1. Which members of the stretch 364-387 meet the condition of being within 29 Å of Thr138 (Cα to Cα) and either among the hydroxyl-bearing types (Ser, Thr, Tyr) or in a helix (DSSP H, G or I) (or both)?
2. Can you name every one of the strands (runs of 3 or more DSSP E) wholly within the stretch 69-110 that holds 1 or more residues which are under 24 Å from the mean Cα position of the chain (by Cα), at pLDDT below 85 and assigned by TED's automatic domain parsing to the domain that holds Ala48?
3. State which residue is surrounded by the most Cβ atoms within 10 Å (Cβ to Cβ) when the search covers only the stretch 366-414 and only residues that are of a type in the set (Ser, Thr, Tyr) and at pLDDT 90 or above.
4. In the stretch 306-341, which residues are in contact with a Pro (Cβ under 6 Å, 6 or more places away or on another chain) and hydrophobic (A, V, I, L, M, F, W, C)?
5. Being in contact (Cβ under 8 Å) with a residue 12 or more places away in the chain, at positive phi and either touching a Pro at 6+ places or on another chain (Cβ under 8 Å) or part of a loop (DSSP other than H, G, I, E, B) (or both) is the requirement here; does Gly264 meet it?
6. When you scan the stretch 274-363 for helices (runs of 4 or more DSSP H) that lie fully inside it, which ones turn up with 2 or more residues that are within 18 Å of the chain's Cα centre (by Cα)?
7. Val284 fails exactly one of the following numbered conditions: (1) in contact with a Phe, Trp or Tyr (Cβ under 9 Å, 6 or more places away or on another chain); (2) surrounded by fewer than 18 Cβ atoms within 10 Å (Cβ to Cβ); (3) closer than 30 Å to Ala116 by Cα. What is the number of that condition?
Amino acid sequence: MMPSYQPPITAPPSSDQRWKIAIVTETYPPEINGVAQTMRQLAEGLAARGQMIQLIRPRQPHDASAPAPSSPSVIDEQCLPGLPIPGYRGLRFGLPAYGRLRRLWQGQGFDLVYIATPGPLGQTALMAARALDIPTLTGFHTHFQRYSQHYGIGWLMRPITASLRRFHNRSDATLVPTAELCASLTADGFANVHVFGRGVDTERFAPTWRSADLRRAWGCGDADLVALYVGRIAAEKNLTLALEGFRALQQTCPTARFVLVGDGPERQTLQRQHPDLIFAGARVGAELAAHYASGDLFVFPSLTETFGNVVTEAMASGLPVIAFDYAAAHEYLQSGVNGITVPFNDQAAFVQACRASVAEREHLRRLGQAARASALTLGWERVLKRVEEQAGAVIQHRRRQAEGAYASLATSSD
């Protein structure tokens, strides 16, 4: 049955209000994707704010050989069985674990379960939490229904949407990164949808990581323009349009180079078809920061994002972004001021924006500086505070429900 409450967003929990929270996710670093990075920020950030965090995730290949931590972790990690995702090297999905999770949580005083992914592990986590009467939040992090259009199974879009709606509507509330997505899901029949936002680490991603050595390795001098893409090299990222946009700007700027950072099922094909492009592979940590900061323009043609962490990471690195006007770009870019946006799915406008962007390099630099200034306002603390607010609303609502049911039972037995 669909939860009935509509929790108000009021004051944050008091400093002494601490909860025991299980976070269930089928992706987590060192896996490289936006959901994994967001889950790390959520788990580590909430733990740093004093919440008791248990992290449930699939076991990864590195786990068996990883050295023991030098000091006890404040996060209780529980690694469960998983299997590789075909075509996505290094990514895994979790297997159903209903019985294991019930045993793990029963009688342990958990206040909340946050479920980030609707795969087999996430589905059974929601079932186990409901069976134990533990309040739940789900996160809508991936537009799986939109992916179907890029793999020749667009006819599955409505059934996938219906499946996601059933999953999320069985939780107490669903958290999303933007008001735009909140309105869209609500119109599609998703209940109790609330915005928690996203942040960006402006120390990890910053213009100071720019590397002349890296640019030389790409065959570029200081005056040469480097267009950059960071993300999966996959059909759902619409990279054909990125390539069309780059070829257009190359007509104005023949010495420009295009660097693609990431890996995925389309990489070998694109690398064979476009030998002049630079495929840098997957990068993390300081290497990723240096790749961002060593570019001059970020080209992001994806139409399947719930947010798009790479947009704010590029902004923090001081790059002007060209993107469609939705998700993170809609939320944080003002076209012509701190980036360039074009109407959603207007492919001709996207190509034209790429072509026009290089007409005045000084204007590009000013856009990048303004993007960095905007990113400095997007810290993770405000996001963590909103998650705590929503967690508190759900927990308190369920407690009031339980108290009301107990009082009603006591009255009827008098």
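The values are calculated or read from the model by the stated rules, or taken from the named source; none is laboratory data. Note that the coordinates shown come from a computational prediction; the quantities given were computed from them, not determined experimentally. Methodologically, a virtual Cβ is constructed for each residue, glycine included, from the backbone with ideal geometry; neighbour enumeration extends over all protein chains shown.
1. Matches in the stretch 364-387: Ser374, Ala375, Thr377, Trp380, Glu381, Arg382, Val383, Leu384, Lys385, Arg386, Val387.
2. Filter on the stretch 69-110 gives 82-84, 92-94.
3. Ser374
4. Phe307
5. Yes.
6. 285-293, 309-316, 327-332
7. Failing condition for Val284: (1).
Okay, residues lined up against (1) crowded, with 19+ Cβ neighbours inside 10 Å; (2) on the phi > 0 side of the Ramachandran plot; (3) without any contact (Cβ under 8 Å) to a residue 60 or more places away in the chain; (4) more than 21 Å from the chain's Cα centre (by Cα):
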position: Leu164; (1), (2), (3), (4): yes, no, yes, no
position: Asn192; (1), (2), (3), (4): yes, yes, no, no
position: Gly197; (1), (2), (3), (4): yes, yes, no, no
position: Arg216; (1), (2), (3), (4): no, no, yes, yes
position: Asp222; (1), (2), (3), (4): no, no, yes, yes
position: Leu228; (1), (2), (3), (4): yes, no, no, no
